[in-house]
1. Go through (1) facing chain A (nearest Cβ under 10 Å); (2) surrounded by fewer than 16 Cβ atoms within 10 Å (Cβ to Cβ) for B:Gly29 and report which single condition fails.
2. Count, please, the residues in segment A:26-43 that happen to be within 9 Å of another protein chain (Cβ to nearest Cβ) and either under 17 Å from B:Gly29 (Cβ atoms) or part of a helix (DSSP H, G or I) (or both).
3. Which condition from (1) crowded, with 18+ Cβ neighbours inside 10 Å; (2) more than 21 Å from A:Ala80 (Cα to Cα) is the one that B:Arg35 breaks?
4. Being in contact (Cβ under 8 Å) with a residue 60 or more places away in the chain and under 26 Å from A:Gly75 (Cα atoms) is the requirement here; does B:Thr47 meet it?
5. Among B:Arg71, B:Arg96, which is the only one that is farther than 21 Å from B:Val20 by Cβ, within 8 Å of chain A (Cβ to nearest Cβ) and more than 13 Å from the chain's Cα centre (by Cα)?
6. Can you tell me which residue within segment A:61-72, out of those that are aliphatic (A, V, I, L, M) and surrounded by 15 or more Cβ atoms within 10 Å (Cβ to Cβ), is nearest to B:Ala60 (Cα to Cα)?
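Each value in this text was obtained by applying a stated rule to the coordinates, not by laboratory testing. Predicted, not measured: the structure shown is a model, and the values here were computed from it. Glycine gets a Cβ as well: all are built from the backbone with ideal geometry, and neighbour counts include every protein chain shown.
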Amino acid sequence: MSLMLLDAALATAQALLAMAMICATFRLLRGPRAQDRVLALDTLYVDAMLLVLTFGMREASTVYFEAALVIGMLGFVSTAAFAKFLMRGEVIE
Amino acid sequence: MTHAATLPPLLAVLVALLVVLGAALALIGSVGLLRLKTFYERIHPPTMGTTLGLGLTLIASMLLFSTLESRPVLHEIVIAVFMAVTTPVTFMLLVRAALHRDRAVGDNPVAGRK
């Protein structure tokens, strides 16, 4: 009984996160300016990290934790690099 | 699903509640990102997902894995600390870049709104 409840809740959470990623993708495609697209990409990273964590809980495996950590780190580095690029026109000066 | 059948019902309800609430907060943040009008308004809603949404999901994950492995599993704290440190840094960089770009095209969004 509790397993069924947990599985249903995790499936619901995955559906909600998928909808969140669709919203962020619309903003990524619509823009209107470059900073909006970078912000949408950062949101996509966070939502993907949450989705991977939910997936790991559903599979009852701690392997997905490392994947979530890597996604978080890549999200930070890429958003910082994009912001630097928007500011200066170059990433490494 | 491969959980052991020894999951207490109260804990299952708690984990289910936390996970759904965290995902709902992330969804609210993304809807806000889609619907608000200006960039400086849109920068705010995604932080709901990165703070409370991520926090609730990580607490649920810690509770679940601590019960399943019957030992404290706390390595999710690493993600929480990392995101709490990096999110303000990236968003401040992004807003400063956006301000710079707006001023470069002769538009000063913080000079006062009509």
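1. (2)
2. Adding up the residues that qualify gives 11.
3. (1)
4. Values: in contact (Cβ under 8 Å) with a residue 60 or more places away in the chain: no; under 26 Å from A:Gly75 (Cα atoms): yes.
Taking the combined requirement at face value, the residue does not satisfy it.
5. On the way: B:Arg71 fails: within 8 Å of chain A (Cβ to nearest Cβ).
Sole residue among the options that is farther than 21 Å from B:Val20 by Cβ, within 8 Å of chain A (Cβ to nearest Cβ) and more than 13 Å from the chain's Cα centre (by Cα): B:Arg96.
6. Restricting attention to segment A:61-72, the residues satisfying the condition of being aliphatic (A, V, I, L, M) are A:63, A:67-71.
Right, trim to surrounded by 15 or more Cβ atoms within 10 Å (Cβ to Cβ) and you get A:67-69, A:71.
Working: A:Ala67: 18, A:Ala68: 15, A:Leu69: 16, A:Ile71: 19 Å.
The residue in question is A:Ala68.
Residues checked against (1) hydroxyl-bearing (Ser, Thr, Tyr); (2) under 26 Å from A:Thr12 (Cβ atoms); (3) in contact with an Asp or Glu (Cβ under 7 Å, 6 or more places away or on another chain):
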residue	(1), (2), (3)
B:Leu18	no, yes, no
B:Leu27	no, yes, no
B:Ser66	yes, yes, no
B:Thr86	yes, no, no
